[in-house]
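Worksheet: the structure to be examined is printed underneath.
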């Protein structure tokens, strides 16, 4: 599987994990391939809105460009949502606020060690897995009837 396919697979995995926790979430296909700021994932639960840029690879050192971080910051400001960077190490996801990334000069860096020390787990960011049903939705977010 090539690098882009692995990234897409990780993003889809995170979408399912968020839905399992009661978060409506979508993947922005083509994020990073346009001149406009766009995160990989948008998620909301009725109380909070998240814009998430995802990174996944076998390398314990993950870099993200300052431009990607600035575009995520701009997008989040325009959509009034929280910007997060999600890193997957093995089966575990860790989430960072933009301020918690290590500045290397040209890029920002997260190591697996830093992820385990400072990153939020998926449960810390989005809550525990729950049994999802339409009755758990806020009144204003009811699913359309299937007539």
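Things to note:
- Screening residue 47 against (1) assigned to a loop (DSSP other than H, G, I, E, B); (2) in contact with a helix residue (DSSP H, G or I) (Cβ under 9 Å, 6 or more places away or on another chain); (3) at pLDDT 90 or above leaves a single unmet condition, (2).
- Hey, residue 52 in a strand (DSSP E or B), under 15 Å from the mean Cα position of the chain (by Cα) and surrounded by fewer than 20 Cβ atoms within 10 Å (Cβ to Cβ) or not: no
- Residues in the stretch 77-97 that are over 12 Å from the mean Cα position of the chain (by Cα) and outside any loop (DSSP other than H, G, I, E, B) were compared, and the one that is surrounded by the most Cβ atoms within 10 Å (Cβ to Cβ) is 89.
- Criterion applied to 59, 100 was being more than 24 Å from residue 129 (Cα to Cα) and touching a residue at least 12 places away in the same chain (Cβ under 8 Å), and the one residue passing it is 100.
- Identity of the residue in the stretch 116-135, under 20 Å from residue 41 (Cα atoms) and at pLDDT 90 or above, that ends up surrounded by the fewest Cβ atoms within 10 Å (Cβ to Cβ): 124
- When restricted to residues that are surrounded by 15 or more Cβ atoms within 10 Å (Cβ to Cβ) and either assigned to a loop (DSSP other than H, G, I, E, B) or modelled with pLDDT under 95 (or both), the stretch 25-42 contains 7.
The values are calculated or read from the model by the stated rules, or taken from the named source; none is laboratory data. Predicted model only: the values in this text are computed from it and were never measured. Counting neighbours? That spans all protein chains shown, and the Cβs are built from the backbone with ideal geometry, glycine included.
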